[in-house]
1. How large is ³J(HN,Hα) for each residue in the stretch 252-257, as worked out from phi by the Karplus curve 6.51 cos²θ - 1.76 cosθ + 1.60 (θ = phi - 60°), to whole Hz, x for Gly and Pro?
2. Which pairs in the list Lys254/Lys280; Lys74/Lys204; Lys56/Lys98 are over 21 Å apart, alpha-carbon to alpha-carbon?
3. Between Glu85 and Ile258, what FRET efficiency comes out of the Förster formula 1/(1 + (r/R0)^6) with R0 = 35 Å and r the beta carbon distance, rounded to 0.05?
4. According to a simple spin-label model (label point 7 Å from Cα along Cα-to-Cβ), what is the distance in nm between Leu223 and Lys277?
5. For a quick check: with amide H placed at 1.01 Å from N, whose amide H comes under 5 Å from Leu178's, ignoring anything fewer than 5 positions away on the same chain?
6. Take the Cβ-Cβ distance between Val151 and Tyr265 as r, set R0 to 51 Å, and report the resulting FRET efficiency rounded to the nearest 0.05.
7. Ranked from highest to lowest mean number of other Cβ atoms within 10 Å per residue, what is the order of the peptides 173-179, 223-229?
8. Can you return the aspartates and glutamates within cross-link range of Lys121? Criterion is Cα-Cα under 17 Å, with same-chain partners fewer than 8 residues away left out.
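Here, each number is a calculation from the coordinates, and none is a lab measurement. Keep in mind the model is a prediction, meaning the values are calculated, not measured. Because the Cβ atoms are built from the backbone with ideal geometry, glycine has one as well, and the counts that use them run over all protein chains shown.
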Amino acid sequence: MLYSIVNYKTVKKSSGSLRYDSEYFQIQPLLTKISTSNHVELHTISKWVTQGPNPKFADFGIYCLTGRNISTGKLSLEGSDLVDETEYKKWSRYKLLKGDILITLKGAGSTGKVAIFHSDKKAIFSRNLGLIRLINQKISPEFLFAFFSSVLGQKIIDRGVTGGTGQLTLPTSYMKTLPIPDFSDEFVVRITGLIIDSQNAIEKSTSLYTQAEQLILSELNLLDWKPKHTLSFIKNYSDTQKAERIDAEYFQPKYEEIVEAIKRYDGGFDELGDLVKIKKNIEPGSEAYQENGIPFVRVSNLSKFELSA
C-alpha cells in the first residue's frame, strides 16, 4: 500500500481551494525540487492570468480562439470561430496581444495545451482558454512556453486539473500559484532563442507547404477554383451502388470537379490503391493503454502538417 502524510494546513491552502484528493498530494520528487529551489509564482511575473468569456459566435467577423486552435505547441487561426464587431467591442478586454500565452482549460485530454499568440490579426479568446500576459521582465513568453510544454511543466499543470471524466477543468486560481524556476538570465535567453528559432523554422515550413500546395493546384488548373456547395442535384442509383454510399455530401458536385481535374491532367493519373498499400488498424481499447511503452498513434496525433507521437 502506498501512502503519504500531509499536514492539514497544506491541504487547506492548496491552490486557494480545499483539495483533499490523494492524487494532488502524491509525492513527486521533481515538483518538490522546484518548490524548494529558487522560484517565483506565476502571478508575480504576470500582468494578467484569466479565463476567456463566453461570446456569441457569428458566421463572419473577427477571430475568437478556442482550444481547437492549439495543437502540439502551435496556434493556428485556420477554422476559428468568429464574432461580429459588436461582440468584439463588448469583450474588448479580452483582445489578444502579441506575446500572450494561451492555455487550454477544459476538456478530457485537452487541458494544458500551450501556445503563444504572434499574429497581427484582431482576435479574442473564449471560455475554454486561459490567458497569461507577462510583465516585461527577464522571463519571456518563449521561456514560459518551453517550461509549460516540458514533461515537468505538464506534470505541474496536470496536478491542478479538477473534475470527472469529460468535465475536466484547469482553474486559473491554480495557474496563478504555479512555481516557475528562477533560472539565470543567460539560461532564459538561451531557451528563448531556441524557441524563437524553432518558431521561425515552423513558419518557414508552413510557407513552403503553401507554395507546394499552390504549385499542385496550378498544375491541375485549379488555382482559382472555388468549391460551391450545391443544395440539390440528381445522381443515378447505380452510382450509389458503386460507391456503397447514399449520403448526399459524398456526391456533392464539387468533389467530382476535383476528380475530373485530376483525370484530365496531361501527365496522367493513378488510383491511390495502385500506388500504396492501405491497411485499417484496430482499436485496442482503453484497458490496453499505459503510461510507458510503445507509442500508439490515433486520430488526435494527426494534423494538417504533421504526425505527432
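1. Coupling constants for the stretch 252-257: 3, x, 4, 6, 5, 4 Hz.
2. Lys254/Lys280; Lys56/Lys98
3. The calculated FRET efficiency here is 0.50.
4. Output for this residue pair reads 3.9 nm.
5. Correct list: Leu42, His43.
6. E between Val151 and Tyr265, to the nearest 0.05, is 0.60.
7. 173-179, 223-229
8. Glu78, Asp81, Asp84, Glu85, Glu87, Asp100, Glu203
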